[in-house]
Amino acid sequence: MGLKVIGAGLGRTGTMSLKLALEQLGLGPCYHMAEVFKLGTAPTWTRAFRGERMDWEEVFKGFPSTVDWPACDFYRELADLYPDAKVILSVRDADSWYKSTQETIFRESNHDGAPPEWLEMFHLLAETKFGGDLHTRDHLIDVYNRHNDEVRRTIPAERLLEYVPGQGWEPLCRFLGVPVPEQPYPKVNTTEEFQNRVSFRAQQA
């Protein structure tokens, strides 16, 4: 099948909503961090973050699209492997992105109960992308901005959509060349929903 859409935006930039939107547009299933949990593929991504040569076609077998971590850190390799795939850079205000990460994915207590192999992958991701520092505001925002600027420099403009959560269907569908659905654009995995989900998981542990 091969990837048709590659998400280059970092986590907490509306990637879960974008995943559902792509699936609604017939570009699913869409690979997302949620799939790492479901499929138990954290060891695969640990090898990727260690720099091992990857069989990307095997990793994404059955998936025409991908967004979010961990794949977004490998957007360049994937874009080279799939030259016809379109690239979506999901972005949001840097300050709100930082605040969201601190309340959700980078809050250490939210990782309680996660599988050891996932924690190993996550810690390697944190070290590779952020030098292990997931809390210093200026540092994180600098990494965030540099990542986005790198995507803009790397991917040709005609192949790239910079997408801001809240823009709805129109720019996404225009970029992908598909009709606009009648249903509202998905809006899921807000900070409050994330915290409620983690709290529920803790209560069930």
Checklist entry - Cα-based count: Lys pairs in the chain below 18 Å, eight or more positions apart or different chains? => result 10
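Return the FRET efficiency for the residue pair residue 114, residue 136: r is the Cβ-Cβ distance, R0 is 35 Å, and the value is rounded to the nearest 0.05.
On the way: r = 23 Å, r/R0 = 0.65.
The formula returns an efficiency of 0.95 here.
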Checklist entry - So how much slack lies between residue 47 and residue 95, counting 0.36 nm per residue of separation and subtracting their Cα-Cα distance, in nm? => result 14.1 nm
Item to check | Estimated inter-spin distance, residue 81 and residue 39, nm [label 7 Å along Cα→Cβ] | outcome: 1.1
Checklist entry - Can you give the helix-only mean residue ellipticity at 222 nm for the chain, where every DSSP H stretch with n ≥ 4 adds -39500 (n - 2.57) and the sum goes over all residues, rounded to the nearest 500 deg cm²/dmol? => result -14500 deg cm²/dmol
Checklist entry - Local charge sum around residue 129 (other residues, Cβ-Cβ under 11 Å, Lys/Arg +1, Asp/Glu -1)? => result -2
Checklist outcome for this item: Simple SL model, points at 7 angstrom along Cα→Cβ for residue 167 and residue 154; separation in nm is 1.9
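Residue 160: net charge of surrounding residues, Cβ under 13 Å, Lys/Arg +1, Asp/Glu -1, itself excluded?
+1
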Checklist entry - Which three lengths, in whole Å and largest first, does the chain cover when its Cα atoms are put on their principal axes? => result 43, 39, 34
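No value in this document is a laboratory result; all are computed from the given coordinates. Just so we're clear, the structure is a prediction, and the values are computed from it rather than from any experiment. Every residue, glycine as well, gets a Cβ built from its backbone with ideal geometry; the counts of neighbours run over all protein chains shown.
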